[in-house]
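Notes follow the structure.
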Amino acid sequence: MSDLHYKTATGLATMIRDKKIGCLELLEYFLERAEKYNPSLNAIILLEEDKAKARALEADAMLARGEVFGPLHGVPMTIKESFDVAGTPSTWGVAEHKNNIAAEDAVSVNRLRAAGVTLFGKTNVPYMLADWQSFNSIYGTTNNPWDLSRTPGGSSGGSAAALAAGLTGIETGSDIGASIRIPAHYCGVFGHKPTYGILPTTGYGLPGNNVPADISVIGPLARGADDLEVATLAMAGPSGRDAGGWNLDIRHSVKKALTDFKVGVILEDPNCAQDLELTDQLQTTVDKLVALGVCVNDNVSPVADTKRAHLVYMMLLRAATGARLPAEIIAEHRARAEASDLDDMSYKAIVDRAITMTHQDWCAWNEERESLCCEWATFFREFDLLLTPVAASAAFPHDQQGERADRLIPVNGNGEPTVDQLFWAGLPSVVFLPATCAPTGLTRSGLPCGIQIIGPHLADLSTIHFARLIEKEIGGFLPPEGYS
């Protein structure tokens, strides 16, 4: 049992079905690990041991009768704090919402339970899910298991840290600004941002937030690509009013081997400073793919103007994240926007304009998004996938001073704006495309990193399959030291 904690969720499910370990026995194993290792990480911020043990006993009884819930039968799981789980708080790291206790499970949680998971806890998030660090006044700070002085990412930072340290079998997070992909990249695990709208977000939101947010999605994090596929398929499909009218049929990749794929590669862009250690590691990965017979073109771009594409993303992103701000806060943004120079393209000026623009202006930006979607569609007529960085660097040291927009992260010895991390996040997000983060190894400094695999609309299983091939041929999840 010495390596149970680093097995994939699908591997654990197979062991359970083969009766090599019981569901309760496996749950107790992970609970013991959480008790031992979580204090230094603070990844898991809530445990529901009694409910989880009751569920595990039920799963064992079913198995004794020759029955299973589904493909993840008996697999212990934690989930991001912001998901509604009946009887638990969903605060989003906001002290004012400490008493926001979910009355019922989110649709995605229901579907994961139907797939067989044993949910035993929740994992940490940043305040309002709005950071690539995971700290708040309710639960404190989550640390990266590779280096406790560094962030595990955010907003699904607790999810990725718990997976990397072997404290849980599988996780689910959310992503509007790489909140699945960056934690996966920083902690060396797999993460999948699905095509917009294919995984239901009902039960994922603060009180009164019933309309799905633009760009925002939910998706799985795991220690293996197979787990991403199983969890994505378990959660996918229409819900609510849509459920009675149509079904979702996500097609598996028609390309099976690495040599079947033709991929574009962009490892650097003049609009985003890139850490050389990270670039070198990703280039090594691309070189290995070429040696394995992948058709690679590193002189391509899906859009003609990446700077403009990023501005489209920023305007639509901040319009979405600012839509429910209090009236007095919006008034402050409006005053600054009206007083600013139109040539001011700083992050804060863009935020002010995005939050306060008219609906007519929003429609104009949305038209630009549609043009970008057409450019991407043209690109994918020639290429199967696009490979890019997930972020500008590997995990950076904790920095909780001041506002996020004012903080800097070290890139090649210089301080670069933290918000620049949004550049690679926005490429697929603004046009609703699927993107999988696959771990590719360590930088020279010994920090994990991943590569972003972007695919065509609804080609989720193709990006995940390519991640599976990287995992098989180049290497996937690596465990950090100190958690054996």
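General observations
- Full extension of the chain between Leu206 and Glu67 gives 46.4 nm of extra length, using 0.36 nm per residue less the Cα-Cα distance.
- Residue exposure sequence - Met15, Met77, Met345 - by fewest surrounding Cβ within 10 Å: Met345, Met15, Met77
- Ser301 paired with Ala339, simple spin-label distance in nm, labels 7 Å along Cα-to-beta-carbon: 3.6 nm
- Sequentially through the range 205-221, phi angles give Karplus couplings (6.51, -1.76, 1.60; θ = phi - 60°) of x, 6, x, x, 9, 9, 8, x, 6, 4, 6, 6, 9, 10, x, x, 10 Hz, Gly and Pro residues having no value and appearing as x.
- Ala95-Arg17 pseudo-label distance in nm [points 7 Å out on the Cα-to-Cβ vector]: 4.9 nm
- Modelled FRET efficiency - R0 45 Å, Ala130 with His457, Cβ distances, 0.05 increments: 0.95
- Among Thr195, Phe379, Val300 - extreme Cα towards positive end, dipole of the chain, charges at beta-carbon: Thr195
- What the Cβ-Cβ distance of Leu46 and Arg251 gives, at R0 = 30 Å and to the nearest 0.05, is a FRET efficiency of 0.20.
- Anisotropy class of the range 424-484 from Cα gyration tensor, a/c 1.5 cut: prolate
- Simple spin-label estimate for Asn414 and Trp362 in nanometres, 7 Å along Cα-Cβ: 3.6 nm
- Pairs from Lys122/Lys262; Lys122/Lys307; Lys51/Lys255; Lys20/Lys51 whose Cα-Cα separation, in the structure shown, is over 32 Å: Lys122/Lys262; Lys122/Lys307; Lys51/Lys255
- Sequence-distant residues sharing a close amide H with His252 (under 5 Å, placed H): none
- Anisotropy class of the range 329-484 from Cα gyration tensor, a/c 1.5 cut: oblate
- Beta bridges per DSSP with both ends in the chain, % antiparallel, nearest 5: 75 percent
- CD proxy at 222 nm, helix term only [per DSSP H run n ≥ 4: -39500 (n - 2.57); per residue of the chain; nearest 500]: -11500 deg cm²/dmol
- Remark: His252, His465, His97, His185 ranked as His252, His97, His465, His185, counting other beta-carbon atoms within 10 Å and listing the fewest first.
- Contour minus Cα-Cα distance for Cys374 and Ile329 (0.36 nm per residue): 12.6 nm
- Distance from the Cα centroid of the range 410-484 to that of the range 29-83 is 27 Å (rounded to whole angstrom).
- Helices of the chain meeting both criteria, an alpha-carbon length of 24 angstrom or more along the long axis and an average Kyte-Doolittle score not below -0.5, with helices taken as full DSSP H segments, are 23-41.
- Spatial separation of Cα centroids for the range 376-404 and the range 338-360, in angstrom: 24 Å
- 3J(HN,Hα) along the range 87-97: x, 10, x, 10, 9, 6, x, 9, 4, 5, 10 Hz, from the Karplus curve 6.51 cos²θ - 1.76 cosθ + 1.60 with θ = phi - 60°, whole Hz, x for Gly and Pro.
- Remark on Thr440: its backbone amide H falls under 5 Å from those of Cys449, Gly450, Ile451, a criterion applied only to residues 5 or more positions apart or on other chains, H modelled at 1.01 Å from N.
- Listed by chain and number, the aspartates and glutamates whose C-alpha is less than 16 Å from the C-alpha of Lys193, apart from same-chain residues fewer than 8 away, are Glu171, Asp175, Asp214, Asp226, Asp227, Glu229, Asp460.
- Three-way shape call for the range 313-371 based on the alpha-carbon gyration tensor, with the a/c threshold at 1.5: oblate
- A simple packing score, the average count of other Cβ atoms within 10 Å per residue, orders the peptides 127-138, 409-420, 355-366 as 127-138, 409-420, 355-366, with the highest score first.
- FRET efficiency, 1/(1 + (r/R0)^6) with R0 30 Å, evaluated for Glu32 and Ala54 via beta carbons: 0.95
- Counting neighbouring beta carbons within 10 Å and listing from fewest to most, the residues Cys295, Cys272 come out as Cys295, Cys272.
- Taking amide H as placed 1.01 Å from N in the peptide plane, Val300 has its amide H under 5 Å from the amide H of Val265, each at least 5 places away in sequence or on another chain.
Values in this text are rule-based calculations from the coordinates and carry no lab data. These figures come from a predicted structure and were not determined experimentally. For neighbour counting, all protein chains shown are included, and Cβ atoms are generated from backbone atoms with ideal geometry for every residue, glycine included.
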